[in-house]
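To start, the structure itself, in structure tokens.
Derivation of every value follows stated rules applied to the coordinates shown; laboratory data play no part. The shown structure was predicted, so the numbers you read here are calculated from the model rather than taken from an experiment. With ideal geometry, Cβ positions are generated from the backbone for all residues, glycine too; neighbour counts draw on all protein chains shown.
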Amino acid sequence: MPYSNNSGGPWGGGGGNKGGGDDGRGPWGGGQNGGGNRGGNNGQGGPNKPVPDIDDIVRKGQEQLKVLMGGRGGGGGGGGGATPEGLGRGGLVIGALALAGLWVFASFYTVKPEEQSVELFLGSFSSVGEPGLNFAPWPVVTKEILAVTRENSEMIGVGRGDGGLMLTGDENIIDIDFEVVWNISDPARYLFNLADPQETIQAVSESAMREVIGRSELAPILNRDRGVIAEEVEGLIQQTLDTYDSGVRIVRLNFDKADPPQEVIEAFLDVQRAEQDRNTLQNRADAYANQILAEARGRSAELLEQAEAYRAQVVNEATGEASRFVAVFNEYTKAEEVTRKRLYLETMERVLGNVDKIIIDEGATGGGGGQGVVPYLPLNELRRSGEANQ
Amino acid sequence: MTRTTVLIAFVVGILFLAVNAVYIVDERQKGLVLQFGQVKSVKEEPGLAFKIPFIQNVVRYDDRIQSLDTQPLEVTPLDDRRLVVDAFARYRISDVVQFRQAVGAGGLSQAEARLGRILNDETRTVLGSVSSNTILSADRVSLMNQIRDAAIIQARAIGLEVVDVRIKRADLPEGNLEATFQRMQAEREREARDERARGEEAAQRVRAQADRTSVELVSEAQRDSDIARGEADAQRNAIFAEAFGRDPEFFAFYRSLRAYEESLKGENSTLVISPDSEFFDYLKADTGRVE
């Protein structure tokens, strides 16, 4: 909290009153806060919270007064050459002016566009200051400036002992890292109700996430329900923080990781590979089936076409031969004897014209039955001589 | 010492006294006015107040909600499965006097220790009376409320108001993690094997169906082609029968002539014939006429 960081009391430095306000905040206010922090009589108050302490303020004021009145030589008030004893009119005026200037400087403060301030009147909440120049008359009114629109983020599940391992409803373990982004919706509540907002947000976020994960099953978290879970968790965090009146608004919740733990991730990946394998096997089988079926269809077509070809061939040949016969027969019926003779002779002519012929006259062999000659004919010799003659 | 110095010293003294007589309690605090250790008054509302200077002093307590995160705690639910539970509480000081009396000058850190013990006790009691499935379910909220309600009553004794108790973690102990991982792994393996086996099954089925369809297709085609061939042969026979049936005797003559011509074709046929053959009728007839 910037509030408690501001312990550099400019009061300590005698001449640093004006220069001490270089952090843009009223040095008086800062000194006041710091004084409260170091308040000796506050030792039992648990954690030392910044408290404006009148005792301290006054003590410091007295020191300052001494410096202004007596320690002129130290360059504090920026006055002239008045001696410590002879406090002249001019010195008083200058001192008063300087005091007034310091007071004005301490009482006005600026609030940047992304900020809001909370003003406390004598320690109790009075108003919220909007961006711009604001007036908080010191020391009655003190103020705190908060960057309300700035988005703060809490990473949960990263870099811790258990590495964000969570137990799901079906007793599986899942590794979840997520980020909660928040800002301040009500600066006064934010300031006054939670001692440790950041730690509270972290604890509440983790609790909410574990609660939701603890009643979900593993598979839906891994697959598609992340958006639903994020929404549910966000709602739960907001609801819990609202019961604390925390003035915190959860802007969004980002899942950085929702994976199976490192130890088993290989097995999860293998399931994905198995799904791929399954597809591969099915595709290969489909390819095989396509090939086989195409071949079978081709073979079928081939067989059918061959059969049709045979049919055409056989029928055509038969038709042709039959026609030829019919044609010859028709002629034959007109002159049967002559045609018959002619056909015979023409055929014999062609047949005998092409073959080697041996004509044996049975009568010329001399007497009793020429048939006795035939077995003795040197048929092979005859053939050879026949070939030689050609 | 001039008069002025005396005057200034006097004014400063008065101022010092006045300043010691007032005190401010911040919006975030509650004040307790003590007189020699005895509680004189409580200032709940923020703002300016008065006290007797020097004799009384003010102790301020934080009025905001404090956080308390307990150490991880092993609990044994009804079904004897151990769980590591990590709870946290939000609380604030509600009764400053009681708080002061209870923790003395120890302040918040001592209160925290005592509240932590209360919380651990209640967590153990509440979670020990249900089964682990209940803790890992939507009932967790009601368990958290039970712990909170019990803690509220106990914490009242030390002047604290428990705003909320939540279970942050409810995990398996470190030793059981390995077993859980193995179970998860085995489940995935089962899934992967099932997936692959189903792939094989489907592939085999597709292949077998393809083979069957292929055989069916080819055999059907074979059948149809044989039918077609048979029809063709029949048609041929019919054509021949129709044509040759007109004169079987002439067909025999005509077909024989063609058969002679076909079969006696070629160079290596040798025919031994007798001149008595009809073909030579006129070869021997010197009259040029056959008797």
For a footprinting-style exposure proxy, rank A:T200, A:T149, A:T347 by other Cβ within 10 Å, fewest first. A:T149, A:T347, A:T200
Where the eigenvalues come from the Cα gyration tensor of the range B:1-85, what are the semi-axes √(5λ) of the equivalent ellipsoid, largest first, in whole Å? 52, 13, 12
Residues of the range A:276-313 with backbone N under 16 Å of the label point set 7 Å from the Cα of B:Q209 along Cα→Cβ are A:279, A:281-294
Calculate, for B:T270 and B:D226, the FRET efficiency according to 1/(1 + (r/R0)^6) with r their C-beta to C-beta distance and R0 45 Å; round to the nearest 0.05. 0.55
Pulled fully out, how much extra length does the chain show between B:F36 and B:S109, if you take 0.36 nm times their separation in residues and subtract their Cα-Cα distance? 23.9 nm
Tell me, how many Å apart are the Cα centres for the range A:339-357 and for the range A:203-263? 113 Å
Listed with the fewest Cβ neighbours within 10 Å leading, A:Y109, B:Y91, B:Y260 appear as B:Y260, A:Y109, B:Y91
Which helices, taking whole DSSP H runs in chain B, have alpha carbons extending 20 angstrom or more along the helix axis plus mean Kyte-Doolittle at least 0.5? B:3-21
Among A:I174, B:I273, what is the fewest-to-most ranking by other Cβ atoms within 10 Å? B:I273, A:I174
Along Cα→Cβ, 7 Å out, is where each label goes; now give me the distance between the ones at B:S277 and A:R226 in nm to one decimal. 10.4 nm
Roughly what would the spin-label model give for B:D80 and A:V251, points 7 Å off Cα along C-beta, in nm? 5.2 nm
Inter-probe distance in nm under a simple model that places probes 7 Å from Cα toward Cβ, at A:D259 and A:T333: 10.1 nm
Aspartates and glutamates near A:K357 by alpha-carbon distance under 13 Å, same-chain residues fewer than 8 away left out - which ones? A:E349, A:E387, B:E267
Quickly estimate the mean residue ellipticity at 222 nm for chain B, helices only: each DSSP H run with n ≥ 4 gives -39500 (n - 2.57), and the total goes over all residues, rounded to 500. -19000 deg cm²/dmol
Near the amide H of A:S216, under 5 Å away, which other amide H atoms are found, from residues 5 or more places off or on another chain, if H is placed in the peptide plane? A:G169
How long is the gain from A:Q272 to A:F135 if the chain were fully straight, where each residue apart is worth 0.36 nm and the alpha carbon distance is subtracted? 42.8 nm
Computed over all unlike Cα pairs, the Kirkwood hydrodynamic radius of chain B in Å stands at 31.6 Å
Cross-link table A:K143/B:K40; A:K143/B:K30; A:K334/B:K265, entries beyond 21 Å C-alpha to C-alpha: A:K143/B:K40; A:K334/B:K265
